[in-house]
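Undergrad: Please read through the structure below; I'll follow up with questions.
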Amino acid sequence: MKRNRRKRSIWIDIAFSTAIMSMTAIALLVIFNFSDDSSNASSEVEPAEPEIVVNSADSSFPGIKIVTEMSNDPKAPFAIQYPQSEYEEFNHLVKEYIEEAKEAYLSSAAGKQNNKTPVKELNISFETMQHSTGTYSFVLSKMSSTKEADRQTEIRTFHINPETGEGLTAAEIVGNNAEHLKRVVKVVRDRIFHDPKLKDLLLPDRVQEFTEPLWRNYRQFALTDNELIFYFEADQFTKATAGPPSVVVPLAKVNSYIEEAYRTAEEDQPNDKKVALTFDDGPDPDVTSQILATLEKYDAKATFFMLGSRVEYYPEMAMEVAKAGHELGNHSWNHPALPKLDDEMLIEEIQGTSEMIQQVTGQPATVFRPPYGAVDDRVRSKTNLPVVMWDVDTLDWKHHNPNEILAKVKHTTRPGSIILMHDIHQSTADGLDAILAYLQSEGYSFVTVSELDHY
Ligand code: ZN
């Protein structure tokens, strides 16, 4: 697998040599000033003016120059580096951002923003990533600190193909297709909830809001041949100490939803021996807890499509499902055939359930399954959640026979299957151990619906 993120060491070399050149320049200027003063004995010795050094050097990326600006003013020191190209439009965008950051910093450092604590340091640096289409992604990190608060970091990204002068947006990568964006967002959310680095820093109930599938939430990104990386603001859905989180989406996971030029040759092995167990109509204080115990025995993760009314009635059970790390799904409030409802009722059924799940478990429902699988465009338009059906119907609600559930599973399960069961029937809890034992012996691993690559 070829990674296009350049080796860090090259970048550090460039940064060091640039820093050395800049410091040499400062030294020369200081010496020059000093000798100038001594040659004119009558002039009073003035306090040395702070020096601002600007220089520009070719980078190891063809067509890109690195501009460095440094100030040794003790009241407002800064070190800024940013990319420039041969294209005015790109240069202007980057410089506009830099100038604004600098102006805000200098006026704050000079105490002109009375209501705020002056910023005492500003540092802007960047990382370059490249895609084989020739497009560079520049990831600028702006770090500033005040006397009271430690480093605050902001990420801004800029894109250019130095051969064509064209920029790039996330919208262009997914072909300006809102449905495709939703699919990518599904992966983004899944990555956020499963990122061990974010585990203790995450504010789960805010993830949904700040990752809504709106173009404006996906402006800050970088693209390599294998990855699409999104940057979010600090304080959006993580604790302040986390800094701005970045979310890496492997392109292989979204190949079907991005434009051909950006697809990876390496197709993600789709659902290779993965299966998603789903349990509908719960939670139930007896049956759900038995099911949780059996899942734990096999280290299996599943998805529970819950009814809002039952979550309200059995909040502890819903909480236990969430705490065990299973995925929470919305299955409406009280199981009506949704297409028959008017808009207002629909919203109550769907939104009301998502709110109840969030309120009770502290975690959002991340998938939606309409009762009876009955859905139309109007129903779909009332939720941002992906609508999830199934391909293995155990009919457990009908026959109440553990052996028949196993027979159905043996007969119809394939890699990537979604198996439908109900955690309100004792017979389902009784049959689950044998089902898991069988699937495990066949080499299947048990994942949540969102962890399947296509559904
Ligand atoms: Zn149901």
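The values are calculated or read from the model by the stated rules, or taken from the named source; none is laboratory data. Predicted, not measured: the structure shown is a model, and the values here were computed from it. Here Cβ is always computed from backbone atoms with ideal geometry, including for glycine, and neighbour counts include all displayed protein chains.
Undergrad: Which numbered condition in (1) under 22 Å from the mean Cα position of the chain (by Cα); (2) crowded, with 21+ Cβ neighbours inside 10 Å is the only one that Val287 fails?
TA: Of everything listed in (1) under 22 Å from the mean Cα position of the chain (by Cα); (2) crowded, with 21+ Cβ neighbours inside 10 Å, Val287 misses just condition (1).
Undergrad: Shifting gears a bit: Among the listed residues Glu86, Glu96, Glu103, identify the single one that is assigned to a loop (DSSP other than H, G, I, E, B) and surrounded by fewer than 18 Cβ atoms within 10 Å (Cβ to Cβ).
TA: Glu86
Undergrad: Just one of (1) of a type in the set (D, E, K, R); (2) more than 20 Å from Arg156 (Cβ to Cβ); (3) touching a helix residue (DSSP H, G or I) at 6+ places or on another chain (Cβ under 9 Å) trips up Asp58, so point out which.
TA: Going through the list (1) of a type in the set (D, E, K, R); (2) more than 20 Å from Arg156 (Cβ to Cβ); (3) touching a helix residue (DSSP H, G or I) at 6+ places or on another chain (Cβ under 9 Å), Asp58 breaks only (3).
Undergrad: Next question. Collect the residues in region 195-214 that are surrounded by 14 or more Cβ atoms within 10 Å (Cβ to Cβ) and outside any loop (DSSP other than H, G, I, E, B), keeping them in residue-number order.
TA: Leu202, Pro204, Asp205, Arg206, Val207, Gln208, Phe210
Undergrad: Next question, about the same structure. If Leu439 passes every condition in (1) within 16 Å of the ligand (Cβ to nearest atom); (2) touching a residue at least 40 places away in the same chain (Cβ under 8 Å) but one, which one does it miss?
TA: (1)
Undergrad: Follow-up. For Thr383, only one of the following conditions fails: (1) in contact with a Phe, Trp or Tyr (Cβ under 7 Å, 6 or more places away or on another chain); (2) surrounded by 18 or more Cβ atoms within 10 Å (Cβ to Cβ); (3) under 22 Å from Leu277 (Cβ atoms); (4) at pLDDT below 95. What is its number?
TA: (3)
Undergrad: Any residue at all in region 55-65 that's part of a loop (DSSP other than H, G, I, E, B), at pLDDT 75 or above and hydroxyl-bearing (Ser, Thr, Tyr)? Give the steps one after another, and end with the answer.
TA: If we filter region 55-65 for residues that are part of a loop (DSSP other than H, G, I, E, B), which is where we start, we get 59-64.
Retained after the next criterion (residues that are at pLDDT 75 or above): 59-64.
From what is left, the residues that are hydroxyl-bearing (Ser, Thr, Tyr) are 59-60.
Within region 55-65, one or more residues are part of a loop (DSSP other than H, G, I, E, B), at pLDDT 75 or above and hydroxyl-bearing (Ser, Thr, Tyr).
Undergrad: Let me ask you something else. Report, by residue number, each residue of region 310-343 that is surrounded by fewer than 16 Cβ atoms within 10 Å (Cβ to Cβ) and more than 31 Å from the chain's Cα centre (by Cα).
TA: Selection gives Tyr313, Asn334, Ala337, Pro339, Lys340, Asp342, Asp343.
Undergrad: Given the structure, is Ala365 hydrophobic (A, V, I, L, M, F, W, C) and either part of a helix (DSSP H, G or I) or away from the ligand (no atom under 15 Å from the Cβ) (or both)?
TA: no
Undergrad: Then there's this: Are any of the residues in region 312-321 in a helix (DSSP H, G or I) and among the aromatic types (Phe, Trp, Tyr)?
TA: yes
Undergrad: Go through Trp397, Trp390 for me and flag whichever is assigned to a helix (DSSP H, G or I) and either within 35 Å of the chain's Cα centre (by Cα) or within 16 Å of the ligand (Cβ to nearest atom) (or both). Let's see the steps before the verdict.
TA: Values: Trp390 fails: assigned to a helix (DSSP H, G or I).
None of the other options fit; the residue is Trp397.
Undergrad: Just to verify a result, which residue in region 368-387, among those that are out of contact with any Ser or Thr (no Cβ under 9 Å at 6 or more places or on another chain) and closer than 23 Å to His425 by Cβ, is nearest to the ligand (Cβ to nearest atom)?
TA: Per the stated criteria, the residue is Tyr372.
Undergrad: Checking the conditions here, which among Gly325, Gly352 is over 18 Å from Ile424 (Cβ atoms) and in contact with a helix residue (DSSP H, G or I) (Cβ under 8 Å, 6 or more places away or on another chain)?
TA: Gly352
Undergrad: Would you mention how many residues in region 291-304 are in a helix (DSSP H, G or I) and crowded, with 21+ Cβ neighbours inside 10 Å? Please lay out each step first, then the result.
TA: Taking region 291-304 and keeping what is in a helix (DSSP H, G or I), we get 291-297.
The next check asks that each one be crowded, with 21+ Cβ neighbours inside 10 Å; those that pass are 291-292, 295.
Looking only at that region, the number is 3.
Undergrad: Given the conditions (1) without any contact (Cβ under 8 Å) to a residue 60 or more places away in the chain; (2) polar (S, T, N, Q); (3) part of a helix (DSSP H, G or I), report the number of the one that Thr288 does not fulfil.
TA: (1)
Undergrad: Still on this structure, please answer the following. Suppose we filter Ser354, Ser332 for residues that are part of a loop (DSSP other than H, G, I, E, B), at pLDDT 95 or above and either closer than 19 Å to Ser450 by Cα or more than 12 Å from the ligand (Cβ to nearest atom) (or both); which single one remains? So that I can check it myself, show each step before the final result.
TA: Details: Ser354 fails: part of a loop (DSSP other than H, G, I, E, B).
Every option except Ser332 fails the conditions.
Undergrad: Can you find a residue that is surrounded by fewer than 17 Cβ atoms within 10 Å (Cβ to Cβ), closer than 30 Å to Ala265 by Cβ and not hydroxyl-bearing (Ser, Thr, Tyr) anywhere in region 117-128?
TA: Yes, region 117-128 contains at least one residue that is surrounded by fewer than 17 Cβ atoms within 10 Å (Cβ to Cβ), closer than 30 Å to Ala265 by Cβ and not hydroxyl-bearing (Ser, Thr, Tyr).
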